[in-house]
Ligand SMILES: NC(=O)c1ccc[n+]([C@@H]2O[C@H](COP(=O)([O-])OP(=O)(O)OC[C@H]3O[C@@H](n4cnc5c(N)ncnc54)[C@H](OP(=O)(O)O)[C@@H]3O)[C@@H](O)[C@H]2O)c1
């Protein structure tokens, strides 16, 4: 891997390249085809490559919490983030792995599956939901997860992020999907997009990395890494006076 912007460097230190600029920072991490598709045959795996998976791991290691939409958790078969040896130094003073926080209204999740039953106590999963969530599912979820109620009918992203920060989880890594991303951007909460551009054309009707509510956020291209034709771009929100929310 090499950095090609803002300077040129062979084998850059990925931890240094992706260190969070602030303790309160929301980073989206997404992969897309060259024509903007956010999935291939319904999943992100076909878009990814070795370098992308390495960066994915480093970003999880740097995060206080991993945030994901319920559809991503269901389709991508999320389990808990497992601690890695390479994370030991960069997680000093923090739990060995970040918890997974799932945004969901229906709680149509496999509450008896690995995400909920195999997480270590220090990385108990978090359900972010609404007052209108089904009570029986909430009771079931509460056995193995912390529950955040943030909104009546729909999760209010500002309230959700404020709650995570209140738990000391300020460095938020959002792994999608596009419908969640669009709402975070519309709420002015996206500080950074870590975007892998895969050397593929796909056509079809896959969503872009933001799907749904329209918004506009100006970005600055802070860094570009390259490996095997994949581009790894770090876009940072322009004119950062401080994190939103
Ligand atoms: N290219 C990439 O890097 C990447 C990354 C992630 C995912 N993906 C792909 O993206 C697809 C899934 O993304 P998606 O955009 O369809 O869905 P998503 O954003 O992952 O999840 C949408 C779901 O999240 C919950 N949700 C979202 N906003 C909510 C709100 N305001 N209040 C309450 N619940 C809310 C709802 O869950 P309930 O239905 O449970 O109520 C909703 O159905 C998959 O194909 C996945 O493979 C690609």
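The values are calculated or read from the model by the stated rules, or taken from the named source; none is laboratory data. Remember, it's a predicted structure, so these values are computed and weren't measured experimentally. Note that each Cβ is placed from the backbone with ideal geometry, even for glycine, and that neighbours are counted across all protein chains shown.
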What residue, of 57, 46, is farther than 30 Å from residue 148 by Cα, surrounded by fewer than 18 Cβ atoms within 10 Å (Cβ to Cβ) and at pLDDT 95 or above? 46
Can you find even one residue in region 190-207 that is more than 22 Å from residue 6 (Cα to Cα), away from the ligand (no atom under 16 Å from the Cβ) and either free of Cβ contacts under 8 Å to residues at least 12 places away in the same chain or within 17 Å of the chain's Cα centre (by Cα) (or both)? no
Looking at region 79-96, can you tell me whether even one residue there is within 18 Å of the chain's Cα centre (by Cα), buried (at least 18 other Cβ atoms within 10 Å of the Cβ) and closer than 23 Å to residue 182 by Cα? no
Of all residues being assigned to a helix (DSSP H, G or I) and in contact (Cβ under 8 Å) with a residue 40 or more places away in the chain in region 1-43, which is farthest from the ligand (Cβ to nearest atom)? Just the residue, please. 15
Subset of region 153-179, residues within 10 Å of the ligand (Cβ to nearest atom) and either modelled with pLDDT under 95 or farther than 19 Å from residue 76 by Cβ (or both), comes to 153, 154, 155, 156, 157, 160
Give me the pairs: first residue in region 101-114 and more than 20 Å from residue 156 (Cβ to Cβ), second residue in a loop (DSSP other than H, G, I, E, B) and more than 6 Å from the ligand (Cβ to nearest atom), beta-carbon distance under 7 Å, and six or more apart or on different chains, which are they? 114/79; 114/80
Looking only at region 116-132, which residues are touching a strand residue (DSSP E or B) at 6+ places or on another chain (Cβ under 8 Å) and surrounded by 14 or more Cβ atoms within 10 Å (Cβ to Cβ)? 119, 123, 124, 125, 126, 127, 128, 129, 130
Do you know which residues across region 139-151 are more than 25 Å from residue 94 (Cβ to Cβ) and either within 10 Å of the ligand (Cβ to nearest atom) or crowded, with 16+ Cβ neighbours inside 10 Å (or both)? 140, 149, 151
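Condition check: in contact with a helix residue (DSSP H, G or I) (Cβ under 9 Å, 6 or more places away or on another chain) and at pLDDT below 95. Does residue 90 satisfy that? Before you say what the answer is, go through the steps one by one.
Working: in contact with a helix residue (DSSP H, G or I) (Cβ under 9 Å, 6 or more places away or on another chain): yes; at pLDDT below 95: yes.
When the stated conditions are applied, residue 90 passes them.
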May I ask you to say which residue of 222, 187 is modelled with pLDDT of 95 or more, surrounded by fewer than 21 Cβ atoms within 10 Å (Cβ to Cβ) and within 16 Å of the ligand (Cβ to nearest atom)? 187
